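What follows is a set of notes on a single structure, which appears directly below.
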Amino acid sequence: MLVKTEVIVLRSMKYRDTSKIVTFYSKEYGKIKGIAKGARSAKNKFGSALEPLSHSMLLVYKKEHRDLHLISQCDSINPFKKLTENLDRMTAALSILELADHVTHHEEKNSALFLLLVEVLSTLNESTRNFKAYSYAFQLRLAALFGYAPNFETCSRCGKNVPAGNNENQVTFQITSGAVLCSECHEPPGPREYGSDRNLAFMPLSVQGLQLIRCLFGTQLSSLENLNYDAHTGNETEELIRLYIKYHFDEIKSLKSEKYFQQHVSIF
Ligand SMILES: [Zn+2]
């Protein structure tokens with residue numbers, strides 16, 4: 001059956017002399033894989049539409065009970081060219097693709113995830129700074145789409161709204177429940193990695209960190225480039241999100257992009 005669907009290109013690999021095998025995240029079918037015959041020949045009819053990070057329209061012969069389909073046509077909607085013009089912006093973009101690839105299964109439709117991918121990549125493409133923030137905002141929203149929405153607003157113990165407060169009122173975030181505890185219900189910070197006792201996974205969160213993480217989770221993606229924060233706040237927030245995502249998505253323990261982030265980009 002010949003079907004048409006919008007896609008984000010996740011990755012591609014060479015196949016035989018002139019072809020490519022390309023993995024997409026599609027709006028209609030979730031993650032799908034196809035073979036693009038002649039994509040590496042002089043007569044490549046696909047142009048840049050099969051490059052990773054591209055937003056494209058795919059026409060594919062889709063066969064039931066097959067993992068690999070035959071790509072008929074692929075046209076670029078937006079190649080998101082600026083994503084690859086700057087190393088930090090590209091790293092953030094690739095980390096988004098890598099995570100989406102790792103947490104999804106073959107041909108399981110999730111249109112909300114597709115729309116989130118398009119939105120985060122297009123806003124990151126236009127952004128001028130805070131590139132890493134887009135990746136972390138994506139991670140929090142992805143967790144919510146998979147049923148692990150964190151709660152940064154109300155205390156999980158007494159139910160009160162947690163105010164942004166002053167610097168004295170530090171709150172804690174419980175990795176396991178994904179919720180904050182107010183300064184009155186404050187728990188002493190536990191081990192940073194949730195080793196033998198997972199209930200001990202409390203992380204301190206400063207007032208600035210709480211404000212930043214609320215923005216990452218709730219603000220329009222297009223306004224992320226306007227955020228201002230210091231290195232300490234960025235690092236604290238990053239660590240919390242990293243542990244939270246790792247706790248819920250076992251698959252991501254060895255993401256290449258995470259290692260790159262830690263080695264090369266010290267703050268957002
Ligand atoms: Zn409380």
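Some notes on this structure:
- One residue alone among Leu121, Leu94, Leu117 is among the aliphatic types (A, V, I, L, M), under 12 Å from Val7 (Cα atoms) and under 16 Å from the mean Cα position of the chain (by Cα), and that residue is Leu117.
Each row is one residue, and each column tells you yes or no for (1) in contact with a helix residue (DSSP H, G or I) (Cβ under 7 Å, 6 or more places away or on another chain); (2) on the phi > 0 side of the Ramachandran plot.
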site: Thr5; (1), (2): no, no
site: Ser12; (1), (2): no, no
site: Lys20; (1), (2): no, no
site: Gly38; (1), (2): no, yes
site: Phe46; (1), (2): no, no
site: Pro52; (1), (2): yes, no
site: Leu87; (1), (2): no, no
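- Output for segment 151-175, where each listed residue is modelled with pLDDT of 85 or more, surrounded by fewer than 19 Cβ atoms within 10 Å (Cβ to Cβ) and either closer than 22 Å to Glu238 by Cβ or within 9 Å of the ligand (Cβ to nearest atom) (or both): Asn151, Glu153, Thr154, Ser156, Arg157, Cys158, Gly159, Lys160
- Any hit, segment 130-145, residues being of a type in the set (S, T, N, Q), surrounded by fewer than 20 Cβ atoms within 10 Å (Cβ to Cβ) and out of contact with any strand residue (DSSP E or B) (no Cβ under 6 Å at 6 or more places or on another chain): no
- Total residues in segment 182-198, condition modelled with pLDDT under 50 and either within 16 Å of the ligand (Cβ to nearest atom) or within 26 Å of the chain's Cα centre (by Cα) (or both): 5
- Qualifying residue in segment 133-149 (condition: over 30 Å from Lys81 (Cα atoms) and of a type outside the set (A, V, I, L, M)): yes
- Selection of segment 14-48 for residues being under 22 Å from the mean Cα position of the chain (by Cα) and at pLDDT below 95 yields an empty set.
- When each of Leu224, Leu210, Leu240 is tested for being part of a helix (DSSP H, G or I), surrounded by 14 or more Cβ atoms within 10 Å (Cβ to Cβ), within 16 Å of the ligand (Cβ to nearest atom) and modelled with pLDDT of 90 or more, the lone residue that passes is Leu210.
The values are calculated or read from the model by the stated rules, or taken from the named source; none is laboratory data. The structure presented is a predicted model; accordingly, all values stated were derived computationally and were not measured. Glycine also receives a Cβ, built like all others from the backbone with ideal geometry; neighbour counts cover every protein chain displayed.
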